[in-house]
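Novice: There's a structure below that I have some questions on.
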Amino acid sequence: NASVLRACRRCRASQRRLVDRRIQITSLISSSVALEPNFLENRRVYSTSTLPSDTCIPKPHPRRQPYSNNSKSPSPSIKKSKSLNLINDKIQQWLQVPAGKWTAREVASGQYLMEECLKHGSNKGVHMATRVLKRWIQERHERERILWNSQLLEHLHRVLHAWKLHGRQEDRPGRIGVLLLYDLEEACLQHKNVPPSQFPGNKAYSMTFQLLAAFVEGDTFVIARQLLNRWLQTGIEPDLLLWQSCLNAFAKCSPYKSEAVDIAEEILQEMNVPPDQVCFGTVLNAWSKSGRPGAAQRAQDILEGMLSDDSPVEPNNVCINTCIDAWAKSGESDGAQRAENLLRRMEEQCRQPGKGHLQPDSIAYSTAVHAWAKSSHPKAAQHAENLFTRMQHMSQEGKGRLEADKFTLGSVLDAWARSTEPGAAKRAESFLNRMEESHRQGKLKIEITAQSYTSVLHAWANSHDKDAADNAERILKLMEDASKSGRKEIAPTLVTYTTAIQALSSCSDKNAPSRALAILRRMEQVGIAPETFTFNAAISVCAKHGEVSLASDLFEEMCHRSDRGEPNVAPTTHTYASMINACARGREPELAMKLLGEMETIFEEGNEYVRPNVIAYTSAITAWKRSDDSDAGNKAQAILWRMMDKYHGGNEDARPNAVSVSAVMQVWMDGGEAEAPEKVESLLVWMKEQYASGDDSVRPMTAHYNLLLETWAKSWRYDSVRRIESILKTMAQDFSEHVHPNNYSYNMLLLAILNSSERNKPSRSLKVLQSMIESYQEGNSGVKPSRYTFHLLLQIIIDSVTRGEREEAALALRDAFREFAETDKLFCPTPSTYALLMNACKALGDSIDPNLLELIRRYCTASNKVRWKAELDFQREHGKYFWNRKNKR
């Protein structure tokens, strides 16, 4: 040993012979005589500080460095990689020692290797340290006395901590940590004389639970439950940190396993030490992220228990914010209101003596604003803006640390962007302008960025205003001008330009496709390369305006760029679906079928990004609906069977749904072929069979029955009335939430009566109207007679007069007008309604009752602008006849 120390001193004194001496020292150590284990207790010869390493070697003097043409030194990452490779070679040599043959030399070498691996602080170093620790635990299975002094438990703690810092999800660090803990426990249990301090205790179990919480996987919940059971079986007296770590592990599993939150709450109740705010906050967080029905209410109940007078633990801001977040994520209709109510309650609580710590902070207000931003309440955006304004006022008055950040501002703008309230886009832009003014005056510390302007663009894109596209382009031009003048923080981004293009989708301007293309070229000029979703937005604008040629040009440009090696512009499923939709609107079904076949070919070649889905197939079916092909029905139905083949072949996205079947039915109905009713009825029967076999995607609904009724009504078949009455009886028998007759169903019966050549049509149609009114009065709101119902009835009366059924038509008009006047409040008449009434009076002539004629005149000349116009038309068309009858009387 003295020779080794002298050799080390000579190495430090002579830098020129350093490498040779290190080799000699290594060989000297490997050939030295084995020492007794207890030797390390008395002497520190083999401590880590005295072993040869890179850190104990002095740096060479600059003048003694050899000449090199490259003056740059290797990067630290290269040096670390080379050092790890050298250590890895040493580990390989160290692992070659057979099990049970260890001496103190191997123990000292293992400590040195462990130190070197963990010192590098990298993922590879942690892997190497784990290999060393596993070999060490394996040796403990074989021998006992040599390892009591090896501080193996401490090394386990260090490896677990290193995995938490440098581990990766794909390495599954939680599983590795649990296995290391189990192996060490089993090694200690094999020997009787192992002191209790060498067994894994609270710290080891706590760090293992923390490792499981840091890297949650699909089986983390099962592993955590097994670890909990093992820990309870060991009889270890847990401390508060171990309980906290265990609760945190189950809380992190709650989004994936709903029963994890139940175990966490059970642990909270069974703790043998008083729980603190961290324990309660962890359980609240578990309920908040669980996604279970009633989770927010349960979190509220736990918080109420903490707020009670007999509770040993008072909530802090973290607990309150977590409960507010639970209401924000609840998805309930009143979730945002409950979150704001809790916030208001905390404001009242903090004014009481000794409750100042309950003052809501900026996180609480931001969470409540975010809750309103995600709410479907019609006034959600206004509530979010009011909270933000209140937050600003309290900050200016110095009431707590309530500085709003850019995320809170973004939540308010997103709330206005998603709002369906009229004028939401204008409100969003007005709010942003006020924030800009406050920022210029120094009242608002938030810097307005391009993301805020993009949210306003989203608001205009989602609005249905006529000038939405113009306002979107105006804001885009404002951002471009401000960026040129020096405000780089609001320079338009890729999302900004794409949103501006999407705003043109709802534009009725016929030049919208060319305007979208101009925006696309402008972004290229400023150096922003458009990506796939940008081209998709432009193609969608072309599709909605039927510009097939321009959409095809954009599609070809995407294909050429993708072939040149630009992966960000490769066509996707959405691209092909938009192109097929453009072909459908442009009445080019052959091109749509060609694109659909190309999609299928590319997908079969292995490109998952061009998977044909139900939207693409349905758009192809719609293309045949708008064509003039005489065989459109058969071709559309062939696409439906093609979808079934692809679905059974493994393409889940090609599964037909109710919309696809409806599109085929509409093609048959619009085709006007003689066998169309039978074809539509066969599709409805197929839907019933599929639904009975368990396919919920093609559930027959009222809309499908109504399509069948409309097909029969427009078929001009002699048996259409009888067939429609039979179908209505079937719907009444199969009455359910999804299948029930409505006013459209009965309107189709009236249309069939109008198109038929049967006699007594006025009386039959009047019976249909009376049955609808009776059903409506009984509580079936779906069969409320509509304006179209009375229009059809008046047309039947006029048609019956031309067929010579004057008396029956006059009686039907009297009864229909009485029902019409009584149920006028159920719908708003239009000029067409009054025109049909006047046409019926004109057609009946002298057959109409004078008193009825007077009632119709008074009704049509009521104090209403629309009705005053009807009076003028009435007097112009029937005035001479009406007043002559009056003079005679």
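Novice: Please compute, over every Cα-Cα pair in segment 571-695, the percentage with a separation greater than 24 angstrom.
Specialist: 26
Novice: Computing the accessible area with a 1.4 Å probe over protein heavy atoms, can you report the carbon and sulfur percentage for segment 368-496?
Specialist: 51
Novice: Three principal axis extents, largest first, for the C-alpha atoms of segment 154-254, in Å?
Specialist: The principal-axis extents, from largest down, are 39, 23, 20 Å.
Novice: Return one whole number: the accessible area per residue of segment 395-548 in Å², for a 1.4 Å probe.
Specialist: Here the per-residue accessible area is 48 Å².
Novice: Something else about it: Less than 20 Å apart at the alpha-carbon level, and either on another chain or at least 8 residues along: which aspartates and glutamates does that give for Lys90?
Specialist: Straight-distance partners of Lys90: Asp20, Asp54, Glu106, Glu115, Glu116, Glu139.
Novice: Just how far, in whole angstrom, is segment 589-644 from segment 433-469 if you go by their alpha carbon centroids?
Specialist: Computed from Cα coordinates, the inter-centre distance equals 42 Å.
Novice: Taking the Cα atoms of segment 392-547 alone, what are Rg (to one decimal) and Dmax (as a whole number) in Å?
Specialist: Taking only Cα atoms of segment 392-547, I get Rg and Dmax of 16.6, 58 Å.
Novice: Here's another thing I want to ask about it. For segment 189-278, which whole-number percentage of the solvent-accessible area (1.4 Å probe, protein heavy atoms only) is attributable to carbon and sulfur atoms?
Specialist: Using a 1.4 Å probe with all protein chains present, segment 189-278 comes out at 51 percent carbon and sulfur.
Novice: Measuring from the lowest to the highest alpha carbon on each principal axis, how far does segment 333-399 reach, largest first, in angstroms?
Specialist: Cα spread of segment 333-399 along its principal axes, largest to smallest: 38, 24, 15 Å.
Novice: Quick one: pull the percent of accessible area on segment 679-812 belonging to carbon and sulfur, 1.4 Å probe, ligands and nucleic acids left out.
Specialist: The value for segment 679-812 is 48 percent carbon and sulfur by accessible area.
Novice: Can you compute log10 of I(q)/I(0) for segment 710-785 with the Debye formula, treating each Cα as one identical point scatterer, at q = 0.11, 0.14, 0.24 Å⁻¹?
Specialist: For the requested q values the scattering log ratios are -0.27, -0.43, -1.15.
Novice: Taking the Cα atoms of segment 255-322 alone, what are Rg (to one decimal) and Dmax (as a whole number) in Å?
Specialist: 11.4, 35
Novice: Compute the accessible area per residue over segment 549-672, keeping the other protein chains in place, probe 1.4 Å, unit Å².
Specialist: 45
Novice: Now, a different point. Lys/Arg Cβ at +1, Asp/Glu Cβ at -1, dipole of segment 641-691 taken about the Cα centre: which of Ala674, Gly650, Val685 is farthest positive-ward?
Specialist: The listed residue farthest towards the positive side: Gly650.
Novice: Now, a different point. Hey, could you pull the Cα Rg and Dmax for segment 83-193, both in Å?
Specialist: 13.5, 40
Novice: Sticking with this structure for a sec: Quick check: net charge around Lys646, other residues with Cβ under 12 Å of its Cβ, Lys/Arg +1 and Asp/Glu -1?
Specialist: Residues close to Lys646 contribute a combined charge of -2.
Novice: Another one. Nothing charged except the Cβ atoms of Lys and Arg (+1) and of Asp and Glu (-1): what's the magnitude of the dipole of segment 353-430 about its Cα centre? Round to the nearest 20 debye.
Specialist: It works out to roughly 160 debye.
Novice: Given all pairs of different Cα atoms, what value in angstroms does the Kirkwood hydrodynamic radius of segment 181-335 take?
Specialist: Over segment 181-335, the inverse of the mean reciprocal pair distance is 16.5 Å.
Novice: Further question: Ordered by packing density, taken as the mean number of other Cβ atoms within 10 Å over each peptide's residues, highest first, how do 386-392, 789-795 rank?
Specialist: Most protected by this proxy first, the peptides run 789-795, 386-392.
Novice: Right, next: So which of Lys714/Lys784; Lys544/Lys635; Lys192/Lys252 end up more than 28 Å apart by C-alpha?
Specialist: Flagged as over cut-off: Lys192/Lys252.
Novice: With viscosity set to 1.567 mPa s and temperature to 4 °C, compute the Stokes-Einstein D of segment 485-529, Rh being the Kirkwood radius across alpha carbon pairs; µm²/s, no decimals.
Specialist: 114
Novice: Still on this model: Which of the aspartates and glutamates could a cross-linker span from Lys355 if the Cα-Cα distance has to be under 16 Å and same-chain partners fewer than 8 positions apart are dropped?
Specialist: Answer for Lys355, where 16 Å is the Cα cut-off: Glu304, Asp309, Asp310, Glu314, Glu347, listed by chain and number.
Novice: Which value, in nm² and rounded to one decimal, describes the direction-averaged projected area of the C-alpha convex hull of segment 514-616?
Specialist: 6.2
Novice: Averaging the inverse of every distinct alpha carbon separation and then flipping it gives the Kirkwood radius. What is it for segment 703-854, in angstrom units?
Specialist: 15.8
Novice: Something else now. Test of understanding: express the Cα radius of gyration of segment 263-364 as a ratio to 2.2 N^0.38 Å, with N the residue count.
Specialist: Here the Cα radius of gyration is 1.04 times the empirical estimate.
Novice: Here's another thing I want to ask about it. With bins 5 Å wide starting at 0, give me the P(r) of segment 458-505 over every alpha carbon pair, in whole percents.
Specialist: That works out to 5, 25, 30, 20, 13, 5, 1, in percent per bin.
Novice: For segment 633-789, divide the Cα radius of gyration by the Kirkwood radius and give the resulting Rg/Rh value with two decimals.
Specialist: Radius of gyration over Kirkwood radius for segment 633-789 works out to 1.02.
Novice: Still on this structure: Let me see the P(r) profile for segment 208-300: every Cα-Cα distance counted, bins of 10 Å, each bin given as a percent of all pairs.
Specialist: Over segment 208-300, the share of Cα pairs per 10 Å bin runs 18, 54, 26, 2 percent.
The values are calculated or read from the model by the stated rules, or taken from the named source; none is laboratory data. Quick caveat, the model's predicted, so the values are computed rather than measured. Ideal geometry is used to build each Cβ from the backbone, glycine not excepted, and the neighbour counts take in all protein chains shown. Note: accessible area is taken over every heavy atom of the protein model, side chains too, but ligands, DNA and RNA are not part of it. Shrake-Rupley method; radii C 1.70, N 1.55, O 1.52, S 1.80 Å.
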